[in-house]
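The values are calculated or read from the model by the stated rules, or taken from the named source; none is laboratory data. Please read these numbers as outputs of a predicted model, since none were measured by experiment. Reconstructed Cβ throughout: ideal geometry from the backbone, glycine too, with neighbour counts over all protein chains shown. To get the accessible areas, we keep the full protein, side chains included, count just its heavy atoms, and leave off ligands, DNA and RNA. Shrake-Rupley method; radii C 1.70, N 1.55, O 1.52, S 1.80 Å.
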Amino acid sequence: MVSEPVPEHAYDLFVIGGGINGVGIARDAAGRGLSVALAEMGDLAQATSSASTKLFHGGLRYLEYFEIGLVRKALIEREILLRAMPHISWPMRFVLPWHPDMRFESETPTSRLLSLAMPWLRGRRPAWLIRLGLFLYDHLGGRKILPGTRSLDLSTDPAGAPLQARFRKAYEYSDCWVQDARLVVLNARDAEARGAKILTRARVVDARRAGDLWEIRVDLGGRQKVMRARVLVNAGGPWVERIVRETAHQQPKAHVRLVRGSHIVTRRLFDHDRAYFFQGTDGRIIFAIPYEEDFTLIGTTDVDHRGDPLEARCTEAEMDYLCAFASQYFARPVTRDDIVWTYSGVRPLYDDGARSASAATRDYVLVLNTDGAPLLNVYGGKITTYRRLAEAALARIATVLPVRGGDWTAGAPLPGGDFPVDGVPALIADLAARYPFLDAFTCRRLIRHYGTEAREMLGEAAAAADLGRDFGAGLTEREVRWLMEREYARTAEDVVWRRTKLGLRMSGDEIAALGAWMAKEEER
């Protein structure tokens, strides 16, 4: 390998990791005038950040663990984030069916408290307690946009139609949907627009203190480059502890618990736009969520993971578990034959010593090492609180590095999100009128992916032919070039499974042809 000499320039911050926490910190820091570089060993959001349940939510079930602070923080964030990115995030109503046999997970603080105070419940979740939890959920976060909870009669409400007849009562509450991988990419784009250097397919192979600086050796696909920085931020997600030990040559002062969350995607199981919150007889919960218009997303599992996080897969046992869980609610059983896709990601939860993966905290912990040039290690966190995590990280960094300006990201839209929360229908109508050759699905998809930038991408196209080659499912050469030039896409997988989900609609041959075309374009 060829190694470049150490450059004279030193960045204020060097961030390892291109997941949501890494790009969120990079964006916040760049917006405060700091010089920032970020290195991601693969594609942005290649691991955990594209394998979430894709929700901005407070975490209703965390109330059972008395994590009131975490829930309140996340509930406040929902509407802040919704305003900043109304193209890739939108309100969603969740239907929580109730039945007398529903039970708590036995190890939750709420379960233990009720077993002492009301032993006759025998672990069951009474309706009044669920309603109390939803009352807190409605009021902890200062809700202004999202509607509150209401009760449903499932014998008359359309939400009851796909469910078993034994479910006659439900509660309906609000949370938000988000396109998780696009969230990461748009944060990276905004960071770059504010001066950050974003490196993908760039593996940090070594980081050592040299006086008051860090010297970071980066492998750029066979060519090595040495970069310097005043502060090193380790936002490596599932690899955070390994980076501390093997890359930065330090002893970790905190630990992560790697928990695999798997999801299945099926053909559409119900004909409305609300999601379901299902509670199992084992005390766990799963969601069944409308997905990409023609599909249903079901998940997640919580399983302690060992091995390479990139090798995480939804196991046969997890598929069977999710099918059986959903089949406890749906009138028509969900089987493996219904599954069209699965995905799995490893969540790097802060290891708080919890007895089960489900009970491990979803809050974040920041550990600042000042035994020389500063090193900030990021443990845990959830997608809903990424922006708050970034603010907290900058507050810690400000103790060792001059930082100009205060918190700013709460009022700043992401690229394409500079329009009102309720402005999507108007944008779709405008796009359809301006480009009448586009079908209705493509108009909706382009606005939901690119927002106000959709027209910039399509430009002066007057006919479908002006958009170049059609790779399938409405994915055109014009869009792929945008993704390669503006959004760091390098492979077909980057395009069809992260920046879009068109892999659900394209054939294997179409995806392979797209990959071959992109490889040729990369060589130019």
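Summary of computed values
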quantity: Search result, residues across the range 394-408 that are of a type in the set (Val, Ile, Thr) and assigned to a loop (DSSP other than H, G, I, E, B); calculated: Thr399, Val400, Val403
quantity: Ala440 without any contact (Cβ under 8 Å) to a residue 40 or more places away in the chain, among the hydrophobic types (A, V, I, L, M, F, W, C), surrounded by fewer than 21 Cβ atoms within 10 Å (Cβ to Cβ) and closer than 21 Å to Gly42 by Cα; calculated: no
quantity: Subset of the range 478-519 (residues that are crowded, with 16+ Cβ neighbours inside 10 Å, in contact with a Lys or Arg (Cβ under 8 Å, 6 or more places away or on another chain) and either modelled with pLDDT under 95 or more than 23 Å from Ala196 (Cα to Cα) (or both)); calculated: Thr500, Met518
quantity: For Leu414: the one exception among (1) open to solvent by 10 Å² or more (accessible area, probe 1.4 Å); (2) among the aliphatic types (A, V, I, L, M); (3) within 18 Å of Arg27 (Cα to Cα); calculated: (1)
quantity: Considering residues of the range 245-294 that are β-branched (Val, Ile, Thr) and within 24 Å of the chain's Cα centre (by Cα) only, the residue nearest to Arg203 (Cα to Cα); calculated: Val256
quantity: Filter result for the condition that a residue is out of contact with any helix residue (DSSP H, G or I) (no Cβ under 6 Å at 6 or more places or on another chain) and open to solvent by 30 Å² or more (accessible area, probe 1.4 Å), over Arg194, Arg168; calculated: Arg168
quantity: Total residues in the range 81-108, condition in contact with a helix residue (DSSP H, G or I) (Cβ under 6 Å, 6 or more places away or on another chain), more than 17 Å from Gly423 (Cβ to Cβ) and at pLDDT 95 or above; calculated: 1
quantity: Candidates Arg61, Arg27, Arg83 - the one that is surrounded by fewer than 24 Cβ atoms within 10 Å (Cβ to Cβ) and more than 28 Å from Ile298 (Cβ to Cβ); calculated: Arg83
quantity: Yes/no for Pro158 being open to solvent by 20 Å² or more (accessible area, probe 1.4 Å), in contact with a His (Cβ under 6 Å, 6 or more places away or on another chain) and at pLDDT 75 or above; calculated: yes
quantity: Subset of the range 404-436 [of a type in the set (D, E, K, R), more than 10 Å from Arg83 (Cα to Cα) and out of contact with any helix residue (DSSP H, G or I) (no Cβ under 7 Å at 6 or more places or on another chain)]; calculated: Arg404, Asp430
quantity: Residues being modelled with pLDDT under 95 and either within 18 Å of the chain's Cα centre (by Cα) or over 21 Å from Glu241 (Cα atoms) (or both) - total across the range 329-357; calculated: 4
quantity: All positions within the range 190-218 that are of a type in the set (Lys, Arg) and within 21 Å of Gln251 (Cβ to Cβ); calculated: Arg208, Arg209, Arg217
quantity: Residue check for Ala127: buried (at least 18 other Cβ atoms within 10 Å of the Cβ) and more than 30 Å from Gly17 (Cβ to Cβ); calculated: no
quantity: Flag for Gly405 being open to solvent by 20 Å² or more (accessible area, probe 1.4 Å) and farther than 27 Å from Leu55 by Cα; calculated: yes
quantity: Members of the range 438-455 that are among the basic types (Lys, Arg) and over 22 Å from the mean Cα position of the chain (by Cα); calculated: Arg455
quantity: Any chance Arg150 is surrounded by fewer than 17 Cβ atoms within 10 Å (Cβ to Cβ), in contact with a Leu (Cβ under 7 Å, 6 or more places away or on another chain) and modelled with pLDDT of 95 or more; calculated: no
quantity: Any hit, the range 164-171, residues being farther than 30 Å from Val244 by Cβ and small (Gly, Ala, Ser); calculated: yes
quantity: Flag for Arg267 being within 30 Å of Thr301 (Cα to Cα) and open to solvent by 10 Å² or more (accessible area, probe 1.4 Å); calculated: yes
quantity: Positions within the range 262-278 being touching a helix residue (DSSP H, G or I) at 6+ places or on another chain (Cβ under 9 Å) and not hydroxyl-bearing (Ser, Thr, Tyr), in sequence order; calculated: His263, Ile264, Val265, Arg267, Leu269, Phe270, Asp271, His272, Arg274, Phe277, Phe278
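To keep it simple, each residue is scored yes or no on (1) at pLDDT below 95; (2) closer than 21 Å to Tyr364 by Cβ.
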| position | (1), (2) |
| --- | --- |
| Val233 | no, yes |
| Gly237 | no, yes |
| Val240 | no, yes |
| Val244 | no, yes |
| Thr247 | no, yes |
| Lys253 | yes, yes |
| Val256 | yes, yes |
| Ser262 | no, no |
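Matching residues to (1) under 30 Å from Trp497 (Cα atoms); (2) part of a loop (DSSP other than H, G, I, E, B); (3) free of Cβ contacts under 8 Å to residues at least 60 places away in the same chain; (4) in contact with a Pro (Cβ under 9 Å, 6 or more places away or on another chain):
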{"site": "Val340", "(1), (2), (3), (4)": "yes, no, no, no"}
{"site": "Pro348", "(1), (2), (3), (4)": "yes, no, no, yes"}
{"site": "Thr384", "(1), (2), (3), (4)": "yes, no, no, no"}
{"site": "Phe419", "(1), (2), (3), (4)": "yes, yes, no, yes"}
{"site": "Pro425", "(1), (2), (3), (4)": "yes, no, yes, no"}
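To keep it simple, each residue is scored yes or no on (1) modelled with pLDDT of 95 or more; (2) more than 30 Å from His305 (Cβ to Cβ); (3) not aromatic (Phe, Trp, Tyr).
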site: Ala373; (1), (2), (3): yes, yes, yes
site: Leu376; (1), (2), (3): yes, no, yes
site: Arg388; (1), (2), (3): yes, no, yes
site: Thr399; (1), (2), (3): yes, yes, yes
site: Asp407; (1), (2), (3): yes, yes, yes
site: Ala410; (1), (2), (3): yes, yes, yes
site: Phe437; (1), (2), (3): yes, yes, no
site: Glu460; (1), (2), (3): yes, yes, yes
